[in-house]
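A short write-up of the structure that comes next.
None of the figures in this text is laboratory data; all of them are computed from the coordinates on show. For clarity, every value in this text was computed on a predicted model and none was experimentally measured. We place every Cβ from the backbone using ideal geometry, glycine too, and count neighbours over all the protein chains shown.
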Amino acid sequence: MFNKIFEGYRKFLTEDEEALLIEGRKDVALSRATKGIDDETLKDIASSQMERLLDADPSGKQKYANWLAGQINKEVFRSIKYVKDQLRGDMMVADYIDSVRASVERTGRELARMLPTYHKLAERNLIDKNINKYDEYTDWSYETYQAQKQFEEREKLKGMEAEAKQTITTLIDDPDYTLKRPDSMAASCILGMGAQWCIAATKSQNYFDQYTREGKGFYILELRHLPLDDDFKKIALQYDSDKGGYSDNTEPSLIWHSPNETQDEEDVRKAIRDNIIMKGFWNSQENPKALKKYYNKGKRGDENRQELETILLNLGNQLDEYQMAYDDSDVVSKPEILENLKTYLKAADLDGEDLDELIESLDELVSEEYYNIIGSAHEHFSENPTGVSDEDYNRAIEEAELKHFDVYVERDFDGDGNDYISASAGFDFDVEDVVEDNVDTDDLENFLSKALNDEGVWNIELYSDGMNVSVNMHQNEYYDDDPLQRFTSFLDDVKEADNVYEEVFKAVVQEMKDSGMIASESLKSLVKRFSEREYNNFDVDFEDGNVAVSSRLLVRLQLPKELTSKSRYLSKELPRPKTSEDPRSFIWDFMIGQLRSTESINKIKQDLIKRLNVVFERALKSAASQLRLPLNEQEGVRVPEFKIDFGAMGPREQASIPPKQTSGSNTWDIRDKFTYWLDIVLKGNETPEEIAQIEKFLNIIDKEEFFEKIRQYVEALVNNQLQKEIIPAARKAAADTISREKSTDELSDLAERWRRFIK
């Protein structure tokens with residue numbers, strides 16, 4: 001019982017003493033932080049930052065307090081000196097107080113931020129526990145940062161090891177070397193540890209996945225007997241889909257040694273040779289394992305490491321020299337090295353008694369191992385090529401979780417083994433009300449593009465095929481990129497469109513309605529109503545958002561004599577035209593252009609409407625004699641002038657000028673037929689009374705006798721224009737053209753005569 005009481009009392013005293021010790025450290029730290037500072041404001045700055053650091057101390061015992069106080073005190077005086085050096089030395093404290101405060105606070109934040117990290121690393125013995133060794137906090141902060149990065153690197157690699165074990169394919173596991181293929185970034189990092197390859201990078205961007213998707217495969221050769229830091233300890237053999245799996249060429253497309261520089265076949269052979277020699281070197285020693293540990297202990301530049309490099313270099317150089325010249329004096333002058341070389345080659349289990357036989361055996365073994373390595377790699381890559389699989393694309397589509405789009409992928413390979421991708425997702429506007437014959441695909445694309453842009457979707461390429469509009473991607477121009485990355489970027493764009501699909505769809509449908517691509521209920525009823533009547537001379541269509549009851553009027557033109565002439569002479573008064581354009585062709589084009597002109601068409605339309613009104617008025621009185629129509633059919637009939645659309649389509653067949661050669665004579669291929677249209681246009685907003693009037697009007701003019709009279713009247717109007725206005729104007733224009741040409745020719749002749757005179 002007394003023992004327990006004593007132990008409790010002792011523990012109480014110990015805890016109390018520790019608390020007093022911690023408080024004492026705080027007091028000392030606060031005192032040191034303000035040491036030598038006279039100004040009270042500056043003292044307060046230093047004290048406040050020190051209080052902050054004491055609260056941030058993760059040790060719980062203020063073990064870092066004294067060092068932290070020293071750093072704060074230094075920063076105060078360093079800041080004062082910096083300000084005075086930059087400006088002037090006679091400054092008052094008030095002039096630089098804000099600058100010092102900012103600097104000290106910045107230092108305090110940095111110390112407080114890095115202190116927990118340092119404490120954790122020190123507890124794991126990953127950094128020097130003696131914080132007092134650091135004179136400047138910047139050195140301490142840098143080393144803490146580096147130690148933390150190394151710690152994170154090791155933890156990252158630990159996390160990779162489990163995955164790497166499952167994704168490493170071992171092709172060769174020989175006592176002298178290994179050949180393995182990484183099938184994941186983790187495996188590539190583990191196998192490539194110590195090399196500077198971008199496929200093994202852990203601190204910077206790693207390109208393994210990208211290169212793999214581009215069709216590149218990597219095989220890591222590790223030569224077991226070379227020193228750990230030898231440039232050729234690890235060699236990466238790269239095979240490409242065009243040069244590996246799709247070719248009989250067994251050689252890798254590229255070879256990389258550890259410093260990440262490309263090598264060639266001879267470099268690999270030399271590395272294999274050095275590996276065999278080093279095997280003999282280790283085997284010839286009394287304690288090979290201990291010697292390996294000694295030589296591999298340090299990094300490049302260490303004394304023991306340099307010693308090993310010298311040995312290897314000398315052996316390789318002597319071997320090269322010996323092979324090049326047996327009687328070379330330098331070779332003879334170093335018999336001890338040659339003797340060592342002979343010893344090492346024997347220790348490498350090579351056949352032969354003398355050096356020549358051993359070297360021959362070495363060369364054979366080097367070739368054997370080299371072809372075994374590249375042959376194994378090529379065969380494996382041929383059977384297991386890399387690149388983006390169909391499953392990869394399908395997985396990306398599934399992960400996009402599109403609600404409205406189906407994405408279709410078409411892929412092929414170009415001649416170099418690169419992926420050629422074409423992908424599309426579609427909008428389908430084939431709704432019930434669409435009149436497909438009236439759809440302008442360019443307009444539809446514009447509607448969709450505008451609607452998408454209004455919703456903030458821009459990165460799209462549209463292509464319409466009827467009612468279907470595709471969002472497309474073609475990848476044939478970017479071979480250096482990751483094809484899967486480009487595909488997922490495309491899916492990102494599609495996803496944006498998918499999210500606003502309903503809003504965009506509604507906006508486009510409304511635009512289609514407004515433009516007449518989609519018929520309203522009233523227009524659909526009109527199309528049905530007029531189609532059921534089965535007119536003799538009219539067709540019913542939905543065009544440009546309206547219902548058009550259309551007819552064609554074929555008229556015969558009274559052609560001018562010039563268009564049937566066999567000669568290019570239009571007049572005896574005019575010289576032969578030199579223009580490349582036949583004057584007769586000029587007249588034809590002029591005439592057709594005038595007939596198609598708005599002025600000409602409006603004249604004919606107005607005259608036609610006037611004539612129809614006159615006819616209808618007369619028909620009320622003399623139907624039987626003129627149109628043979630029942631009077632009850634004519635009652636209340638008016639010409640719907642505002643509903644009539646009249647226009648010119650053009651000649652039935654374009655003329656062939658110059659004349660066509662037939663049976664040895666020249667004839668003009670001039671068709672004197674010219675087509676006009678006469679439409680009754682309904683917009684869907686007509687009253688029942690107006691509809692009834694239009695129906696009556698159409699019933700009358702659709703009769704063969706009446707329709708023929710309309711055609712004849714239009715024909716007469718057209719030819720009247722031709723003879724009185726158009727043909728005379730065409731003749732004059734042609735004559736003016738020939739006259740200008742004549743004047744130009746005369747000036748040219750004058751100039752030529754003047755040139756000869758001067759000469």
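Miscellaneous remarks
- Rounded to whole Hz, the Karplus (6.51, -1.76, 1.60) HN-Hα couplings of the range 179-189, x for glycine and proline: 10, 9, 10, x, 10, 8, 4, 4, 5, 5, 5
- Annotation: the residues Trp677, Trp282, Trp197, Trp458, sorted from fewest to most other C-beta atoms within 10 Å of their own C-beta, follow the order Trp458, Trp677, Trp282, Trp197.
- Subset of Lys156/Lys293; Lys156/Lys203; Lys180/Lys279; Lys513/Lys683; Lys233/Lys293 violating a 18 Å alpha-carbon distance limit: Lys156/Lys293; Lys180/Lys279
- Packing rank of 482-494, 460-472, 210-222, where each peptide gets the mean count of other beta carbons within 10 Å, highest leading: 210-222, 482-494, 460-472
- Here the calculated FRET efficiency for Lys683 and Ser489, from their Cβ-Cβ distance with R0 = 41 Å, stands at 0.30, rounded to the nearest 0.05.
- Distance in nm between pseudo-label sites at Glu704 and Asn372 (7 Å out along the Cβ direction from Cα): 10.1
- Modelled spin-label separation between Leu254 and Ala716, with each label point placed 7 Å from Cα along the Cα-to-Cβ direction: 8.8 nm.
- The length gained by stretching the chain between Lys61 and Glu360 to full extension, at 0.36 nm per residue less their Cα-Cα distance, is 100.5 nm.
- Cross-link pairs beyond the 27 Å C-alpha cut-off, checked among Lys289/Lys346; Lys61/Lys158; Lys610/Lys732: Lys61/Lys158; Lys610/Lys732
- The local environment of Arg106, defined by Cβ-Cβ distances under 13 Å, has a net charge of +1 under the rule Lys, Arg +1 and Asp, Glu -1.
- Relative packing of peptides 545-552, 183-190, 284-291, 700-707 - highest average C-beta neighbours within 10 Å first: 183-190, 545-552, 700-707, 284-291
- Other-chain or far-sequence residues with amide H under 5 Å of Asn468's (modelled H): Phe429
- Around Glu143: net Lys/Arg minus Asp/Glu count, Cβ-Cβ under 12 Å: -1
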